[in-house]
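Some notes on the structure that comes next.
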Amino acid sequence: MGRAELPLHAPGTQLDKGYIGQSVPRPNAQRLLQGRGAFTDDLRFPRLAHVAFFRSPHAHARIRKLDFSKAVKAPGVIGVFDGRAVAEYCTPWVAVLAHLKGIKSPPQHAIAIERACWQGEACAAVVAESRSQAEDAVALVEADWEELPAVIDMDESLAGRTVIHPELGDNICFKRELDTGGVDETFAKADLVVEETYGFGRHTGVCLEGRAILADYNAGEHSLTVYHATQAPHMMQDIFSRHLGIPEASVRVITKDVGGSYGIKVHVYPDEMATAALSVMLRRPVKFVADRLESFLSDIHAREHRAKVRLACTKAGEILAFELDDLTPIGPYSVYPRTSGIEGNQVVNLTGGPYKHQKYRAKMHVVFTNKNVTCQYRAVGHPIAVALTEAIVDLAAHKLGMDPAEFRRKNMIPDDAYPYTFPSGIKFEQLSHHQTLDKLLALMDYKKLRDEQAALRKKKVYRGIGIAAMIEVTNPSPAFYGVGGARISAQDGATLRLEPTGMLTVMCSVTEQGQGTEAIFAQIAASAVGVSMDKVRVITGDTGVTPYGGGTWASRGAGIGGEAVLLAGRALRSNMLDVAAAILKVDKAELDVRDNAVVHKLTQEEKMPLAELGRVGYFRPDTLPPDFQAELTVTRHYTPRQYGFTFTNGVQASLVEVDPDTGLVKLLKHWCVEDCGTVINPMLVDEQIRGGVVQGIGAALYEECLYDASGQLLNGNMADYLVPMALEMPDIVCAHIETPTRQSQLGAKGVGEAGTAGAPGAVMNAVNDALSPLDARVTSMPFTPERILRALGRVA
Amino acid sequence: MKAAPFAYAKPRALEEALDLAARPNAKILAGGQSLIPSLNMRLSSPELLVDINGLDELKGIRLDKDTVRIGALTTHADIGKSDVVKKHLPLLVAAVPHIAHPAIRNRGTIGGSLALADPAAEYPACALALDATIVVTSRKGQRQIKAADFFKGLFETALKPGELLTAVEFKAQKKDDESAFLELARRQGDYATIGLAAFATNGTKRLAYFGAGDRPILAQYAAKAKDLESAKAALAKDLQPPADLYHSSATKLHLARVLLERAWNTL
Amino acid sequence: MEHAVEATLTVNGTEVRRRIEPRQHLVDFLRDELGLTGSHIGCEHGVCGACTVRVNGEIVRGCLMLAVQADGCQVETIEGLSDSGELAQLQKAFHERNALQCGFCTPAMLLAARDLQLRNPRASREQIREHLSGNYCRCTGYQAIVDAIEEVLHGKG
């Protein structure tokens, strides 16, 4: 137009703060508080049928014969189907990705056809008028099995005397080796070498809402609508389309309220695919909800590892090298589409993370077993990598007689050393290890705790302080999955629409499972556009409505989805000002949007409420210049481009008291100082951290999926599998350092998984610190009383 | 999981209840806090559930001279709130907070707990420690069974087909009696890893362990020992605790000794 | 073999009469028959607490009670207790402190919290944790819930 446009902000400021940084309560929480959530199992449909699955009682068995003759006659039964019948409607999949060199896995069907490969694998489906009737009929299915040798032990699997999938040659799903070179020389010359082997118990997510899917095929249109408790509706849209043979745009995936997920509900489950296939076959809606017993048998498990770790350092305490040999047993199939190789791969990438050593060698094997399948679960490989790193670091500090916090300080990458490339190849934009450590030690009053510990030791009260420093992968680019050929989107989009009354609708492809996605999008959108939060409505989880995107995983919602919302908000604001300028017949540069009104930028005088702008823009465009069209809906997408992964850092501490007579660990307190860049809603961020910490505590002290030698899950119920409950959990103190990423205007990194990543390591170190005067160490999680008493020698 | 189908009857009188209970494949429904989970998980499939919650004569707590009589349908919550129990049976009151959680305690009953005889449950051990008398009714009349004779094995009691546990009687604790209740569990309200209901009266100790065998066990050798160290040593003769999912047999025995030590000075 | 049994119960103040299959537990009846989907199912073994409802003024596990056993009883669910305003103070505190994330455990948590408020309004932080010890939450780690209840019982600051 000629005249210079007045900038919206002073140079150097990133954005109008608005609601950014405020602990706003979540608008979409209020209906949940009144029991007015809409979880998938709450939905009612005409002609809705229910499916229950006949599941293999054996870990490994050929299905010789299935007899449905009694089951089909049971009351309410619509049909009973085997793997072959379902395979006519659903093609199999193979969970491999090109960038995980050498990864292999056999094809997997929705319902097993030739053989069952784990106890709990679905081998037949019963569809009936009610779930109860379906279960009654499942009890009438008769099967003739030929039991096969089951591979259960990870060493047995690696040795490969019995190969689960003979066509693959061995039981190795994936292996990786990494070597910076110079490792042997470094260890040979080091003043101190410490070595320890750590065990991590297989465990699982235990989402309170079971996996849930309601598939509704419409034969008249050859279209499929799936109400699915999933984190990634677009990914599922693509998968249903390709495997069920329905055109992509004729598949709509709608995600209503999800009762917890933590990664469990981001994977493809054969029983869910079978449910969708059955809806297509039967031409009516079919629902499946995994009950708790099924969940333990068939929700993905995770994190079973045995890792041998070595650390070389000087006598002055400078870490020179790490070496890792990790073995991790998964189930009989790599899980689709993200593969079961990623967790182990991450352990290799992240071991030693906070430190400035240059030499590193790692060897890692992912092996098949006839236990339940495993895949990504909150924080993926981080809990393993952080725990083994921080434990061996503590051990080295202990052997040198150095304070563990000081040992870390000596070795952490300096805060001004960025950008930095780590020995495993990962790149850090900017971290703040030293600032976070300083803040942690002040927050917990470290010296006072050490003094108390010393005084109590004299009275035979054994307290322990454990620290765990960590790095965390967030905001991943296509480097995680896309480069390997997966149709998993690492970009997200947001559409913002100004409504005629001046309200704002935000539609975003990132999803909500309770972490507060919709709340922060409302905060960002309101701030970017200039409206108050009560005017904003957010829609997520509907492939028919939102832009195309990746959904929730790898702590990307705020950083990627939030950025898309911000960009769209700014663009919409600009378009709104175009309309306002046309209405008011003034220069756009003189105007701004603030508090639900168009205002004069300099005087802040209200020029027009947004409702008036909406009225004219939508209902009276005839009053605007002939060549002008109001565009009050804007979509923007965002992909992080500069860094494959935007790393964050944090440090946690655990204070425990161990009873050496009973082996019970009392958690006295926990701290976390985290740097996730721009904090959009401090309350929500802290609550994510707290929830994550308690999940990590579960792994450290309580949770383990126990299998016997024949592959039977021994504790697959809520009484025998122990999850953290309120009385045993500590208060958790959270604080932050903010180092925004420069890759986006928002500057937000991710934080959803941080708590889980660091807590197991902090608790392990605390327990070992408590036991140290008694010359005992524990290295195998969970640290049950049994393991602690044995380490103490109280039990033979 | 959804329960398999069954028929349901709610008798209004004890006689009718006894007739129904005698039917083949019938199960008694009292609080349901143990029965219904097993039905939901299809671990058991009775043909008939006999709901005895309408039988008022099975409710109530009464002090009769020096005997406290607790009706089988008395809930854990009511036992915990009862002034009679607080005053005369402190051991039982001490056990209540360890039994599951408030919502379960509002429905679960002492009769159900005793009749189920879960070896990791609190009341069977308390009954054994206090030398309680279990009152059992059938068409033929009433029987009194001493706790020591009642618990026969894993989920196995002296109850015969056609019999209903209708009440349990305890001698009120006397002035010089001492009791101690200790339970170790990984989380509040879980079934015990191991527990000890201990009662000292007239110079004798009754040490009833739970979670230490297929039924609550009186540690008789340990109870007769002169001092703590010999009691701990003697415990190996009393208990051969089976391993559970998380604890070896040796660990259970060790923990039993720890509880003994912690209870000893109270007694 | 099994016959539907007629039962009459009062649910959130309204009398309801139905023929009910004996095997159907109370929370399935509330959800499927009456559309009261605010009470949730998490395990059906009575451990997770997600199904907590109030019967004759006492909190119970809805999955451990047969619907037919509720004959003659007063049943209250999250919907009724929200509409009546009985939970308003707790709901506000939960909201302000983000004492919920996915919301699946929340109706049950509120009922347990209200039960504590009625029975032991001077409960300490430890006692609050103990009273909630039968309600599983995977999202929050419990602290925000304890903070919210503590605030309602003892006021801010």
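Taking segment A:738-752 as the range and being buried (at least 23 other Cβ atoms within 10 Å of the Cβ) and more than 21 Å from the chain's Cα centre (by Cα) as the test, the residues that pass are A:744, A:746.
Within segment B:99-114, the set of residues being within 7 Å of chain C (Cβ to nearest Cβ) and of a type in the set (Lys, Arg) comprises B:107 only.
Inspect all residues belonging to segment A:377-389 and state whether any of them is within 30 Å of residue A:95 (Cα to Cα), part of a strand (DSSP E or B) and either touching a Leu at 6+ places or on another chain (Cβ under 9 Å) or among the small types (Gly, Ala, Ser) (or both). So that I can check it myself, show each step before the final result.
Start the filter on segment A:377-389 by keeping residues that are within 30 Å of residue A:95 (Cα to Cα), which leaves A:377-389.
Among the residues that remain, those that are also part of a strand (DSSP E or B) are: none.
Looking through segment A:377-389, none of the residues is within 30 Å of residue A:95 (Cα to Cα), part of a strand (DSSP E or B) and either touching a Leu at 6+ places or on another chain (Cβ under 9 Å) or among the small types (Gly, Ala, Ser) (or both).
Across segment C:1-44, the qualifying residues are those that are away from chain A (no Cβ under 12 Å) and hydroxyl-bearing (Ser, Thr, Tyr), and the one among them that is farthest from residue C:107 (Cα to Cα) is C:8. Restricting attention to segment A:556-570, does a residue exist that is touching a helix residue (DSSP H, G or I) at 6+ places or on another chain (Cβ under 7 Å) and farther than 30 Å from residue A:262 by Cα? Yes; the residues of segment A:556-570 include at least one that is touching a helix residue (DSSP H, G or I) at 6+ places or on another chain (Cβ under 7 Å) and farther than 30 Å from residue A:262 by Cα. The residues in segment A:29-56 that are assigned to a loop (DSSP other than H, G, I, E, B), under 12 Å from residue C:104 (Cα atoms) and out of contact with any strand residue (DSSP E or B) (no Cβ under 7 Å at 6 or more places or on another chain) can be counted, and the count is 3. Out of everything in segment A:249-300 that is on the phi > 0 side of the Ramachandran plot and within 11 Å of chain C (Cβ to nearest Cβ), what residue ends up being surrounded by the most Cβ atoms within 10 Å (Cβ to Cβ)? It comes out as A:262.
Residues A:48, A:66: which one is touching a residue at least 24 places away in the same chain (Cβ under 8 Å), farther than 30 Å from residue C:86 by Cβ and within 14 Å of chain C (Cβ to nearest Cβ)?
Details: A:66 fails: within 14 Å of chain C (Cβ to nearest Cβ).
Selected residue: A:48, the only one of A:48, A:66 that is touching a residue at least 24 places away in the same chain (Cβ under 8 Å), farther than 30 Å from residue C:86 by Cβ and within 14 Å of chain C (Cβ to nearest Cβ).
At least 2 residues being of a type in the set (D, E, K, R) is the threshold, and among the strands (runs of 3 or more DSSP E) wholly inside segment B:1-76 those reaching it are B:61-64.
Could you tell me whether any residue of segment B:196-206 is part of a loop (DSSP other than H, G, I, E, B), under 30 Å from residue B:43 (Cβ atoms) and among the small types (Gly, Ala, Ser)? Before the answer, list the steps.
Of the residues in segment B:196-206, the ones part of a loop (DSSP other than H, G, I, E, B) are B:202-203.
After this cut, where a residue has to be under 30 Å from residue B:43 (Cβ atoms) as well, the list is none.
No, that holds for no residue.
Tell me, which strands (runs of 3 or more DSSP E) wholly within segment A:556-630 include 1 or more residues that are acidic (Asp, Glu)?
Per the criteria, A:591-594, A:606-609.
When restricted to residues that are more than 24 Å from the chain's Cα centre (by Cα), under 30 Å from residue A:35 (Cα atoms) and part of a helix (DSSP H, G or I), segment A:227-285 contains 3. Every test in (1) over 18 Å from residue A:32 (Cβ atoms); (2) touching a Phe, Trp or Tyr at 6+ places or on another chain (Cβ under 9 Å); (3) facing chain B (nearest Cβ under 10 Å) is passed by residue C:132 save one, and that test is (1).
Where in segment B:210-267 are there helices (runs of 4 or more DSSP H), lying wholly inside it, with at least 3 residues that are at pLDDT 95 or above and among the charged types (D, E, K, R)?
Numbers: elements: B:220-224, B:228-238, B:249-264.
It comes to B:228-238, B:249-264.
Residues in segment A:418-433 that are surrounded by 18 or more Cβ atoms within 10 Å (Cβ to Cβ), within 16 Å of residue A:675 (Cα to Cα) and not aliphatic (A, V, I, L, M): 5 in all.
Yes/no matrix, rows are residues, columns are (1) within 11 Å of another protein chain (Cβ to nearest Cβ); (2) surrounded by fewer than 17 Cβ atoms within 10 Å (Cβ to Cβ); (3) without any contact (Cβ under 8 Å) to a residue 60 or more places away in the chain; (4) within 24 Å of residue B:125 (Cβ to Cβ):
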position: B:42; (1), (2), (3), (4): yes, yes, yes, no
position: B:46; (1), (2), (3), (4): yes, no, yes, no
position: B:61; (1), (2), (3), (4): no, no, yes, yes
position: B:67; (1), (2), (3), (4): no, yes, no, yes
position: B:76; (1), (2), (3), (4): no, no, yes, yes
position: B:79; (1), (2), (3), (4): no, no, yes, yes
position: B:82; (1), (2), (3), (4): no, no, yes, yes
position: B:91; (1), (2), (3), (4): no, no, no, yes
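Restricting attention to segment C:45-56 and to residues that are more than 7 Å from every other protein chain (Cβ to nearest Cβ) and free of Cβ contacts under 8 Å to residues at least 40 places away in the same chain, the residue that is nearest to residue B:37 (Cα to Cα) turns out to be C:55.
For segment A:680-720: of the residues being closer than 24 Å to residue B:191 by Cβ and acidic (Asp, Glu), which is nearest to the other protein chains (Cβ to nearest Cβ)?
Quick first cut of segment A:680-720, residues closer than 24 Å to residue B:191 by Cβ only: A:694-695, A:697-708, A:712-720.
Checking which are acidic (Asp, Glu) leaves us with A:703-704, A:708, A:720.
On the way: A:703: 11, A:704: 9, A:708: 10, A:720: 6 Å.
That would be A:720.
Could you please find all residues in segment C:73-98 being small (Gly, Ala, Ser) and more than 9 Å from chain A (Cβ to nearest Cβ)?
Applying the first criterion (small (Gly, Ala, Ser)) to segment C:73-98 yields C:80, C:82, C:84-85, C:88, C:93.
Passing the criteria: C:80, C:84, C:85, C:88, C:93.
Criterion first (buried (at least 24 other Cβ atoms within 10 Å of the Cβ) and either polar (S, T, N, Q) or at pLDDT below 95 (or both)) does residue C:101 satisfy it? Spelling it out, residue C:101 is indeed buried (at least 24 other Cβ atoms within 10 Å of the Cβ) and either polar (S, T, N, Q) or at pLDDT below 95 (or both).
The residues listed here are A:170, A:238, A:184, A:216; of these, the one that is surrounded by 16 or more Cβ atoms within 10 Å (Cβ to Cβ), without any contact (Cβ under 8 Å) to a residue 24 or more places away in the chain and away from chain C (no Cβ under 14 Å) is A:170. Scanning segment C:69-98 for residues that are at positive phi and surrounded by fewer than 18 Cβ atoms within 10 Å (Cβ to Cβ) yields C:72, C:85.
Conditions (1) closer than 19 Å to residue A:488 by Cα; (2) within 24 Å of the chain's Cα centre (by Cα); (3) hydrophobic (A, V, I, L, M, F, W, C), marked per residue:
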{"site": "A:95", "(1), (2), (3)": "yes, yes, yes"}
{"site": "A:100", "(1), (2), (3)": "yes, yes, yes"}
{"site": "A:103", "(1), (2), (3)": "yes, yes, yes"}
{"site": "A:106", "(1), (2), (3)": "no, no, no"}
{"site": "A:112", "(1), (2), (3)": "no, no, yes"}
{"site": "A:117", "(1), (2), (3)": "no, no, yes"}
{"site": "A:129", "(1), (2), (3)": "no, no, no"}
{"site": "A:132", "(1), (2), (3)": "no, no, no"}
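Only one of the numbered conditions (1) closer than 30 Å to residue C:106 by Cα; (2) in contact with a strand residue (DSSP E or B) (Cβ under 6 Å, 6 or more places away or on another chain) is not met by residue A:308, and that is (1). Residues of segment C:44-64 include none that is surrounded by fewer than 21 Cβ atoms within 10 Å (Cβ to Cβ), farther than 26 Å from residue B:189 by Cβ and of a type outside the set (Phe, Trp, Tyr). Once segment A:46-73 is narrowed to residues that are among the hydrophobic types (A, V, I, L, M, F, W, C) and under 26 Å from residue A:369 (Cβ atoms), the residue that is surrounded by the most Cβ atoms within 10 Å (Cβ to Cβ) is A:59. Among the residues in segment A:620-630, are any of a type in the set (Asp, Glu) and within 30 Å of residue A:748 (Cα to Cα)? The answer is no; no qualifying residue exists. Which ones in segment A:115-135 are closer than 14 Å to residue A:72 by Cα and either crowded, with 24+ Cβ neighbours inside 10 Å or more than 14 Å from chain B (Cβ to nearest Cβ) (or both)? Of everything in segment A:115-135, those that are closer than 14 Å to residue A:72 by Cα and either crowded, with 24+ Cβ neighbours inside 10 Å or more than 14 Å from chain B (Cβ to nearest Cβ) (or both) turn out to be A:124, A:125, A:126, A:127, A:128, A:134.
The values are calculated or read from the model by the stated rules, or taken from the named source; none is laboratory data. Fair warning: this is a prediction, and the values are worked out from it, not measured in the lab. All Cβ positions, glycine included, derive from the backbone under ideal geometry; neighbour counts span all protein chains shown.
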